[in-house]
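**Student:** Let me begin by handing over the structure; questions about it come next.
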Amino acid sequence: MVRDRLTVAALAVLVVAGGLLVNHADRAWPATRPFVTAGEQGRPAALWPGSVTVHSARAARGLADGYGGSLTTGGVWVAVDLSVTGGDRPLDVGAFQLVDGEGRSYDATRRLSPNAPGTAQPSSPVRAEVIFEVPESTLGALTLRASTLAVPQLSAVAEVPVRLAGAVGAELEPRPTTLETP
């Protein structure tokens, strides 16, 4: 009888503690969410303090490493052609990811350097290709996610659907980074 009452009391304490945890989580977690702006390919998507524009994307099974060699992957290489433009101050994108239709994300490859457009000054677009390694099965539905911080919590984030131009090629040679005229 005493053991039954202790069990009921312990369960009641667990339920109350769980309710308090959920209440705290509901109030605290949304405060650290990223600030996401949806965009579309070919148009600037706001990425405070500037913008990012996805122009096109292409895929290949091999990647020229810039030193006369070729990098291989178990999937495919995807090169996303994009421009980054500063707004009222310079914009330096902290992280690029490709997100597939299942919600899995793939960071920009670190096997190639540099693999980012660098800092874009106000009204001075920097155009570059950012390279990713992804499974070939993900090529149907990809979204570029660019965030101003390396960790997206409390970061400005732009999400832009990416459409591949053409079929998967044999080898990809990344285009050089250029400064565009506004």
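**Student:** Here are some conditions: (1) in a strand (DSSP E or B); (2) surrounded by fewer than 10 Cβ atoms within 10 Å (Cβ to Cβ). ARG3 meets all but one. Which one does it not meet?
**Tutor:** So the condition that ARG3 fails would be (1).
**Student:** Would you mind finding the one in ALA79, ALA95, ALA60 that is in contact (Cβ under 8 Å) with a residue 24 or more places away in the chain and within 21 Å of LEU154 (Cα to Cα)?
**Tutor:** ALA95
**Student:** Moving on to the next point. Of the numbered conditions (1) hydrophobic (A, V, I, L, M, F, W, C); (2) under 30 Å from GLY69 (Cα atoms); (3) not in a loop (DSSP other than H, G, I, E, B), ALA158 satisfies every one except a single condition; which is it?
**Tutor:** Answer for ALA158: the failing condition is (2).
**Student:** Run down VAL76, VAL80 and say which single residue is closer than 26 Å to ALA150 by Cβ, in contact with a helix residue (DSSP H, G or I) (Cβ under 6 Å, 6 or more places away or on another chain) and modelled with pLDDT of 85 or more.
**Tutor:** The match here is VAL76.
**Student:** Considering (1) in contact with a Gly (Cβ under 7 Å, 6 or more places away or on another chain); (2) crowded, with 19+ Cβ neighbours inside 10 Å; (3) more than 25 Å from THR32 (Cβ to Cβ), say which one SER147 fails and leave the rest.
**Tutor:** SER147 satisfies all of (1) in contact with a Gly (Cβ under 7 Å, 6 or more places away or on another chain); (2) crowded, with 19+ Cβ neighbours inside 10 Å; (3) more than 25 Å from THR32 (Cβ to Cβ) except (3).
**Student:** Oh, and also: Which residue out of GLY42, GLY103 is within 24 Å of THR148 (Cα to Cα), free of Cβ contacts under 8 Å to residues at least 40 places away in the same chain and exposed (fewer than 10 other Cβ atoms within 10 Å of the Cβ)?
**Tutor:** GLY103
**Student:** Take region 159-182 and flag every residue that is open to solvent by 70 Å² or more (accessible area, probe 1.4 Å) and among the polar types (S, T, N, Q).
**Tutor:** THR177, THR181 - these are the residues of region 159-182 that are open to solvent by 70 Å² or more (accessible area, probe 1.4 Å) and among the polar types (S, T, N, Q).
The values are calculated or read from the model by the stated rules, or taken from the named source; none is laboratory data. Bear in mind the structure is a predicted one, so any value in this text is a computation, not a measurement. Positions of Cβ are backbone-derived with ideal geometry, glycine not excepted, and every protein chain shown enters the neighbour counts. All accessible areas refer to the heavy atoms of the entire protein, side chains included, with ligands and DNA or RNA removed. Shrake-Rupley method; radii C 1.70, N 1.55, O 1.52, S 1.80 Å.
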